[in-house]
Amino acid sequence: MTAAAVTPAAVTPAAVTPVAVTGHDARRALSFALAAIRGVETDRPVTIAEVTA
């Protein structure tokens, strides 16, 4: 099945498996992304602590 063949009507709630993702998980992922962006902008390694402080 290609991506074009999947439509919202083809995905029923019974076919969706819930995933336990918390706000903490999201904030952690955001911290990684912000550190990566800052590292590219400053052309140096950036620690997670620098973006969460």
Checklist line | Any pair with Cβ under 6 angstrom, 6 or more apart, that starts in segment 19-38 at a residue that is closer than 14 Å to Thr52 by Cβ and ends at one that is assigned to a helix (DSSP H, G or I) | finding: Ser31/Ile48; Ser31/Val51; Ser31/Thr52; Leu34/Val51; Ala35/Ile48; Ala35/Val51
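Within segment 1-43, take every residue that is among the aliphatic types (A, V, I, L, M), in a helix (DSSP H, G or I) and modelled with pLDDT under 65 and give me the one that is surrounded by the most Cβ atoms within 10 Å (Cβ to Cβ).
Only one residue fits best here, namely Ala10.
The values are calculated or read from the model by the stated rules, or taken from the named source; none is laboratory data. It should be emphasised that the depicted structure is a prediction, and the values quoted were computed from it without experimental measurement. Because the Cβ atoms are built from the backbone with ideal geometry, glycine has one as well, and the counts that use them run over all protein chains shown.
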